[in-house]
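Notes to accompany the following structure.
The values are calculated or read from the model by the stated rules, or taken from the named source; none is laboratory data. This one's a predicted model, so the numbers in the text were calculated from it and none came from an experiment. Note: ideal-geometry Cβ built from the backbone for every residue, glycine included; neighbour counts use all protein chains shown. We work out accessible area using only protein heavy atoms, side chains counted, and drop any ligands, DNA or RNA first. Shrake-Rupley method; radii C 1.70, N 1.55, O 1.52, S 1.80 Å.
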Amino acid sequence: MDVKQYDFKLPEELIAQVPLLDRSASRLMVLNREKQDVSHHHFSDIKQFLQPGDCLVLNDTRVLPARLYGSKEDSGGKVEVLLLHQDHEDEWEVLVKPAKKVKLGTKIVFGEGKLVAECIGVQDHGGRKVRFSYEGIFLEVLESLGEMPLPPYIKEQLPDQERYQTVYAKEEGSAAAPTAGLHFTKELLTDIEQSGVEIAYLTLHVGLGTFRPVSVENVEEHEMHAEFYQLSHETAEQLQRVKQKGGRIISVGTTSTRTLETIIRDYGSFREASGWTNIFIYPPYQVKAVDGLITNFHLPQSTLIMLVSALAGRDFILEAYHKAVEEKYRFFSFGDAMLII
């Protein structure tokens, strides 16, 4: 399958650079798969499309302030470090810029010595393995020195770093936000729950592979980066009950979808599980775990637009995306939302 089948023209001015002050004020495009119908709303209206007995599944990962700016201990040369994931205690896989200046044994100093990284491994494409040394608690040091790792297509600075976290973010570990969840306020979630819709939580720590373009012409040759996921016993039982009673599982974001699809693929039913997934969902994959999806508008030729195409059909999705461009919906992380039911 040719990756160009998932291409569309997107004017640069539709890429949202800043979040709205009110999270739930974003627009909402609703795709009804049965009717092949598209309608336009605001995100605060989402409750009218959910039914008592349905279950929203949210990813409660929390984004690390994973971008660090430091200098080489020997020369003072500036280095940018982006944390990807923790391998073992104080050892992390990272991306560094400029990569050619960070060799085995290089030490990088942050915050006048509050944090020091020593390069202990060299990988491809700017990847490095580093060992951190510091005093105190690592996450507290990171909070004081790091910045939010905003996607490369966002050029504006973010004054309030919490605006790149969901209101229910809890489990530290992501290099990027599960952006479909950014539209929810605590008040909206309470309102939804009081209407008879259940709320469930899982964890998938989002890696930078979420922004990685598909660089091969043949979709089947693309390899996904593995990401850590966790589903608790309580949540697994909750999802099983919802299914048994005829309720719909509505995943919030592609990360929740990939987690649930991984568990159904590997175990045949919802159950307590944790591990690493590199599941790649694209047509003609048959989605088994979820009945609906809340998501943002994604990059052309990305794995994310392929995932939503597996759920709703490529032609229907691309038609909806063309309408979104015509109607000037805001795209990507801080943009508007789509509900597929």
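For this structure, a couple of remarks:
- For the chain, the residue among 44, 116, 98 whose Cα projects farthest onto the positive side of the dipole built from Cβ charges is 98.
- Hits among aspartates and glutamates - C-alpha to C-alpha of residue 245 under 18 Å, sequence gap 8 or more where chains match: 54, 193, 198, 234, 237, 291
- Here is how the number arises for the chain: DSSP H runs of 4 or more residues each give -39500 (n - 2.57), the sum is divided by the residue count, and the result at 222 nm is -6000 deg cm²/dmol.
- Proximal aspartates and glutamates relative to residue 323, as straight alpha-carbon distance under 20 Å, when same-chain residues fewer than 8 apart are discounted: 7, 12, 13, 34, 37, 45, 315, 336
- Dipole moment magnitude, nearest 20 debye, the chain about Cα centre, only Lys, Arg, Asp, Glu C-beta charged: 400
- If you sort 1, 29 by accessible surface, 1.4 Å probe, largest first, the order is 1, 29.
- Here's the list of lysines a cross-link from residue 101 could span, going by alpha-carbon distance under 27 Å and ignoring same-chain residues fewer than 8 apart: 72, 78, 114, 129, 155.
- With both residues required to sit in the chain, DSSP beta bridges show an antiparallel share near 70%.
- Placing unit charges on the Cβ atoms only, positive for Lys and Arg and negative for Asp and Glu, gives segment 167-224 a dipole magnitude near 240 debye about its Cα centre.
- ³J(HN,Hα), Karplus 6.51/-1.76/1.60, whole Hz, each residue of segment 122-134, x for Gly, Pro: 10, 10, 6, 6, x, x, 9, 10, 10, 10, 8, 10, 5
- Check: segment 29-81 dipole with +1 on Lys, Arg Cβ and -1 on Asp, Glu Cβ, in debye: 80
- Amide H partners (placed H, <5 Å) of residue 87, local residues excluded: 92, 93
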